[in-house]
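Step one of this worksheet: look at the structure below.
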Amino acid sequence: MHAPETFPKHAVRPASKVPLFVGACVLAGLVGFGAYGQQQRQSEAHAFTRRMAELVPTVRTADAKRIDAPMQLTLPGHTRAFDAARLYARATGYVAERKVDIGSRVKKGDLLLRISAPDLDQQLAQAHARLGQMQASLAQAEAGVEQARANLNLAKVTDARTSTLAGQGWATKQRADDTEAGVLSQAANLRAAEASVSVARANLKEQQAAVDRLEALAAFEQLVAPFDGVITTRDVDVGDLVNADSKTGTPLFSIERDDILRATVSVPQNSAVGVHDGLPASVQVPQLPEQSFAGTVSRTSVGLLDSAKTLTAQIDIPNWNHDLRTGLYIYATIAIPRANADVLIPAEALIFAENGTQVMVLGEADTVHLKTVRIFRDLGKELEIRDGLSGDERVVLSPPSDLTEGSKVHVAASLGARASARMP
């Protein structure tokens, strides 16, 4: 037997290779597992992409509707009286009698107020007296004309007789000349008398005009209603002094005719072309939600306002029962004829793309196609389209963002179709 081999006390023992081998195996396993996982993820991604490419989405559709009925345009406005006037005094004096107050309904010609104007009455009496004098002066002047005409006739007869006698030698030539001069003198007197009549007639005409003016002013002592209506304001009472001056005085009354009201609305430019006199309209008042009042477009401004680009239109509303009042805020709906038919689609069919506003329509073989459209009116849940659609299309509602031109889709049954299928 050999004696056991001995090593020096400070000699180094050789290192084991097992841990290194194990670490290398573990590292190789991790790398292989990672590569396998990556390959699996890539395979799943490719499979998902392939499935997505082969996936046919299900979409909801709705029919586009072609509309050519008159367009119902609702606009805000306010009511006004058909006629309104502020009444001033045309005679200076004191209010002697007042017949009406605010809220009083009156007829044309009804007495509203009586003014006591003694100064005006005295002026009128003086003018009448002066007119009588002028009439007497005219009568006197006309009598003078008759007298002058008679004198002229007498002078002519005397001249003719004297001329005959002078020719026969029974009268002197001097006598004949005197009678001839008398004829000329009487003719001049007649012309002067006729001129006096012309002056008297002119004076009489002038005085008659003064009387007529004062009588017209005296007629204004009684203030009457210019038309049927209601008194809306009163600013005088019995005993008040009123002046015949519309610039410095205050109006005595304000009156409005309210059996017919005028509603004023502003029509935007895109609808103004179709608005003309005679169009039917309906008026609603927020405080009377269950009532609608029929009216008619009676007049328009024809031209548009430069600042707002709107057309001013007035609607006449019969108000025989006085249910409406002036100054109300109202909504007026006007039936405006369409120049061209439009297309109505749900608002959720609209797509905002880089090429503008578009909709997706369903084509043959359940493929979709993009159509560029122009919106005419936004009605909230629905849109009126002016260009881009003919009205016989089916539009896709809320189309998916990844749906492109020519994509194939499945069409879901509409709610109305499902309901019909459930009915017996």
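No value in this document is a laboratory result; all are computed from the given coordinates. Since this is a predicted model, take the numbers as computed values, not measurements. All Cβ positions, even for glycine, are placed from backbone atoms using ideal geometry, and neighbour counts span all protein chains on display.
What the table below lists for this structure:
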quantity	calculated
For 71, 360, order by how many other beta-carbon atoms lie within 10 Å, fewest first	71, 360
Pairwise Cα inverse-distance average, inverted: Kirkwood Rh of segment 259-336 (Å)	12.9
Sequence-distant aspartates and glutamates (8 or more away, or on other chains) whose Cα lies within less than 14 Å of residue 408	54, 364, 366
Residues of segment 127-149 with amide N under 19 Å of the 7 Å Cα→Cβ point at residue 198	137-149
Residue-span extension gain [residue 402 to residue 264] - 0.36 nm each, minus C-alpha spacing	44.7 nm
Sequence of 205, 99 once ranked by neighbouring C-beta atoms within 10 Å, starting from the fewest	205, 99
Pair residue 157, residue 381: separation of 7 Å Cα→Cβ label points (nm)	11.2
Segment residue 209-residue 165, extension gain: residue separation times 0.36 nm, minus the distance between their alpha carbons	10.3 nm
Surrounding net charge for residue 316, when Lys and Arg each add one and Asp and Glu each subtract one, Cβ distance under 13 Å	0
Neighbour-limited loop hits for chymotrypsin sites (Phe, Trp or Tyr not before Pro), segment 280-360 (at most 16 other Cβ within 10 Å; DSSP other than H, G, I, E, B)	320
Kyte-Doolittle at least 0.0, axis length at least 15 Å by Cα - qualifying DSSP helices, the chain	18-54
Rg ratio (alpha-carbon, reference 2.2 N^0.38 Å) - segment 118-217	1.74
Karplus-derived HN-Hα couplings along segment 400-409 (A = 6.51, B = -1.76, C = 1.60, θ = phi - 60°), whole Hz, x at Gly and Pro	x, 5, 8, 7, 10, 4, x, 5, 8, 9
Net length gained if the chain between residue 97 and residue 219 were fully extended (0.36 nm per residue, minus Cα distance)	42.4 nm
Within a Gaussian network of the chain (alpha carbon springs, distance under 10 Å), most fluctuating of 183, 59, 302	183
Residues with amide H under 5 Å from that of residue 83, placed H, sequence gap 5 or more	257
Choice from 161, 60, 149 with maximal GNM fluctuation in the chain (Cα, 10 Å cutoff)	161
Highest-fluctuation residue, 218, 412, 332 considered, GNM on the chain with Cα pairs under 10 Å	412
Approximate spin-label separation residue 347-residue 372, in nm, with each point projected 7 Å along Cα-to-Cβ	2.5
Spatially proximal aspartates and glutamates relative to residue 381 (Cα-Cα < 14 Å; intrachain offsets below 8 disregarded)	348
Approximate spin-label separation residue 175-residue 392, in nm, with each point projected 7 Å along Cα-to-Cβ	12.6
Spatially proximal aspartates and glutamates relative to residue 108 (Cα-Cα < 20 Å; intrachain offsets below 8 disregarded)	83, 97, 221, 228, 256, 258, 259
